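The structure appears right after this line, and notes come after that.
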Amino acid sequence: MAETLTIAKVIERIGSGDIRIPAFQRNFVWEPDQVAFLLDSIYKEFPIGTIILWKTDKKLTTEKNLGYFELPEPRKDYPVNYVLDGQQRLTSLFSVFQTTLTPNSNEWVDIYFDLKSNESIQESAFLALDDNEVDTERHFPVSTFFDSVEYRKATSSLTPENQIKIDQVQRRFLTYIIPDIVFETEDLNNVAIVFERINRAGTELNVFELLSAWSWSESFDLVEKFDELQEEIAEHGYEDLTKDRDLQLRVTAGIIKGNTSPKTVLDLSGDEIRANFIKIRNGIIGAIDFLKRELNIKHYKMLPFPGIIVPLSVFFATTRADGLNYTSLQKDKISIWFWRSLFTRRFSAGVNDRQAFDIKELLSLRNDENYAFKFPETDIKFDFDKSSFSSNNANSKTLISMLNTISPKSLLSGAKIDLDKVLKNGSKHEYHHIFPKKHLERLGRERKEINCLANFCFLTRSDNNTISDKSPNDYGKLISDTSRSEYLKSALIPEEFDELDYDEFLEKRVANLKELAEKLMNK
C-alpha cells in the first residue's frame, strides 16, 4: 500500500534505526551540488520520486552506513524497513537536516539557501558551500530547518524581510510529502526480483552483493573467501573472470545443487558454501587449467560463452589437494563437448537449463570415462560469410579460438603471431582483412560483405602495413614461394587466393573453416 512521509518523519525513522541500508545497495555517490538541486526541487514543490522500502522481520547480517553516518541499532524490535529505492534521496535529506549524529567523514559540505536568489524555475536557490565561502548575510544554513532552537538563533540576525522569506522556505520543507511504498515479504527471492526491476534501467542487480548480505555467517565471510579466490584466479591468467562474481556464484550453485537458476543461487546458504568451498575453488581452478592446457584458451575474455565454464568447473570440483586427474578419453570427450557448444552457440540462450543438463552429463563422465556422453549437435549456428567480425562478439571469438588451434603465421614474414599477447589484450592490431577493406570498397562491396568472418586472419602489424590496401593479386607476390603453402595453410587461406575474385575466395575459405570446425567437433 502507498503511504506518505514528511521529511521530519524520515529523519526520525532513520535516526531511530527503523529505516536502514541493506548491504546489497550501492554506496552513496551524490555530489553536494546534486543534494542542493534536490532541495531546490522540494522548495519548488516538484515531485522527487517514490521511496520503496522493504519491511521485514529478517535482520540482515551486514548493512551499510547511510552516507557518512553509522546508523544506530533499532530502538525497538524488528521489523525494520530496508531501502530498495531512494537511497540517494533519503541519505541526502538525512545528511542535510539531522542534528544528532556525527558524520564519520569530513567530506560533507553543508547546503545553504541563497537569500538573494531570484525566483527562477531553472536556477537553484540552494548552494553547497565550504565554510570559507559562506556569507552570513546572504546564505542561510538549511540544516537548522528541523531544529527549532538552532533555527531561531540563525534567523535572529536577519532583517525582518529576510525572516519572513526564510520562514516561507522552511514551511515548504516542513509540509513536503514524500510518497513511499512499503513492500512486505520474507521471501528473499521476491526482494531480489523487485530490486532487479527497480535497477533495470540503471545498474543491474549485483547478485553477489545481494547474496552476501544474507548468506554468510560469523564464521564464514563469503566476500573475504571469494576475494582470496580472485587472487588465485588472477595468478592463473584469468584475471577478467574475477570481475564476474555472478558467474562464480553460478559455478557455486552448480557444484552444490547441480542447478544454476537465479532462485537456486539465492537459496544458497553460508553453511553450504562453507562446507563446499574447497570443491568450488578446485573446480574453478581445474576448469581454467583445462581451458588453457587442452583447449588453448589462454584468457577469459576470449571465451566466447562464459557460461561454459560452469559445467566444466563442476567436473573438476573435488576436495583433493592436487585436483582431479582426468583420462585421455575424458579429455577428448570434454574437448568435443566444448567445440560443439561453441559452434552451436549452445550457451547463448536457455543457459540455466543447458548448464543443468551438461552438469549431469559431465558428472556421469567423471564417474565413468566410457559413459555414453550426450553431445550437443554438430550444426554450425552462424555463417562465416555473413556474420560480421568484431573482436568482442562470440562468433568472432569462436573463429579466433579455432584459428588459434593451428598456430597461424603472418602471411608475408611467416612470423608466429604472439596469440597469448593478442588474446590477453584483445588487441585489434593483429586481426586483419585478407582482401583489404579499401580494395573491396573500390570494387563497390558493401561493409557487411567486407567485414565477414571469412575475410579475417592474423597478421603482424608490420605485414599489415606492407599490405595496406593492395589487392591480393599484388601483395600475394610478396609471399615467399618456398613458404607460401605453409603460411597460407596455417591461416586456412586457399592456395590460389590471389587469383580468385572475392566471391570465389569466400566460398573456398568458408569451406576450409568449416572443415576445421567439423574436425574439432568430431575428433
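Of note:
- Hits in segment 343-360 - residues which are surrounded by 15 or more Cβ atoms within 10 Å (Cβ to Cβ) and part of a loop (DSSP other than H, G, I, E, B): T344, R345
- Considering residues of segment 449-471 that are touching a strand residue (DSSP E or B) at 6+ places or on another chain (Cβ under 6 Å) and not in a loop (DSSP other than H, G, I, E, B) only, the residue nearest to L399 (Cα to Cα): F456
- Considering the conditions (1) over 25 Å from G286 (Cα atoms); (2) in contact with a Phe, Trp or Tyr (Cβ under 9 Å, 6 or more places away or on another chain); (3) not in a helix (DSSP H, G or I), F375 is excluded by exactly one of them, (1).
- When L399, L403, L363 are checked against the criterion of being closer than 18 Å to Y326 by Cα and outside any loop (DSSP other than H, G, I, E, B), L363 stands alone in meeting it.
- Looking across segment 442-470, the residues that are among the aliphatic types (A, V, I, L, M), surrounded by 18 or more Cβ atoms within 10 Å (Cβ to Cβ) and touching a residue at least 40 places away in the same chain (Cβ under 8 Å) come down to L453, A454, L459, I467.
- D131 assigned by TED's automatic domain parsing to the domain that holds D33 and more than 25 Å from R13 (Cα to Cα): yes
- Breaking point among (1) touching a Phe, Trp or Tyr at 6+ places or on another chain (Cβ under 6 Å); (2) modelled with pLDDT under 85; (3) charged (D, E, K, R); (4) more than 25 Å from R320 (Cβ to Cβ), for K263: (1)
- Of all residues in segment 122-177 being among the β-branched types (V, I, T) and in contact with a Phe, Trp or Tyr (Cβ under 7 Å, 6 or more places away or on another chain), the one that is surrounded by the fewest Cβ atoms within 10 Å (Cβ to Cβ): V134
- Segment 6-48, subset under 29 Å from the mean Cα position of the chain (by Cα), exposed (fewer than 15 other Cβ atoms within 10 Å of the Cβ) and within 25 Å of T175 (Cα to Cα), residue modelled with the lowest pLDDT: D33
- Pair list, Cβ < 6 Å and 6+ apart or interchain, from segment 308-326 residues that are assigned by TED's automatic domain parsing to the domain that holds G286 to residues that are of a type in the set (F, W, Y) and part of a helix (DSSP H, G or I): I308/F347; L324/F316
Residues are listed down the side, and each one gets a yes or a no for (1) within 15 Å of W54 (Cα to Cα); (2) modelled with pLDDT of 95 or more:
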position	(1), (2)
P141	no, yes
F145	no, yes
R171	no, yes
I177	no, no
V182	yes, no
D187	yes, no
R197	yes, no
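- Of the listed requirements (1) crowded, with 20+ Cβ neighbours inside 10 Å; (2) modelled with pLDDT of 90 or more; (3) β-branched (V, I, T); (4) touching an Asp or Glu at 6+ places or on another chain (Cβ under 9 Å), T378 misses just one: (1).
- One residue from A275, A253 being surrounded by 19 or more Cβ atoms within 10 Å (Cβ to Cβ) and outside any loop (DSSP other than H, G, I, E, B): A253
- Residue, modelled with the highest pLDDT, within segment 49-74, restricted to residues that are crowded, with 18+ Cβ neighbours inside 10 Å and either under 22 Å from T99 (Cβ atoms) or of a type in the set (K, R) (or both): I51
- When T319, T327, T405 are checked against the criterion of being modelled with pLDDT under 95, surrounded by fewer than 17 Cβ atoms within 10 Å (Cβ to Cβ) and at negative phi, a single residue qualifies: T405.
- Of all residues in segment 472-492 being in contact with a Phe, Trp or Tyr (Cβ under 8 Å, 6 or more places away or on another chain) and either free of Cβ contacts under 8 Å to residues at least 60 places away in the same chain or not in a helix (DSSP H, G or I) (or both), the one that is surrounded by the fewest Cβ atoms within 10 Å (Cβ to Cβ): S480
- Here segment 488-523 is the region considered, the condition is being within 37 Å of the chain's Cα centre (by Cα) and of a type in the set (K, R), and the residue that is nearest to C457 (Cα to Cα) is R509.
The values are calculated or read from the model by the stated rules, or taken from the named source; none is laboratory data. Computed from a predicted structure; not experimentally measured. Glycine gets a Cβ as well: all are built from the backbone with ideal geometry, and neighbour counts include every protein chain shown.
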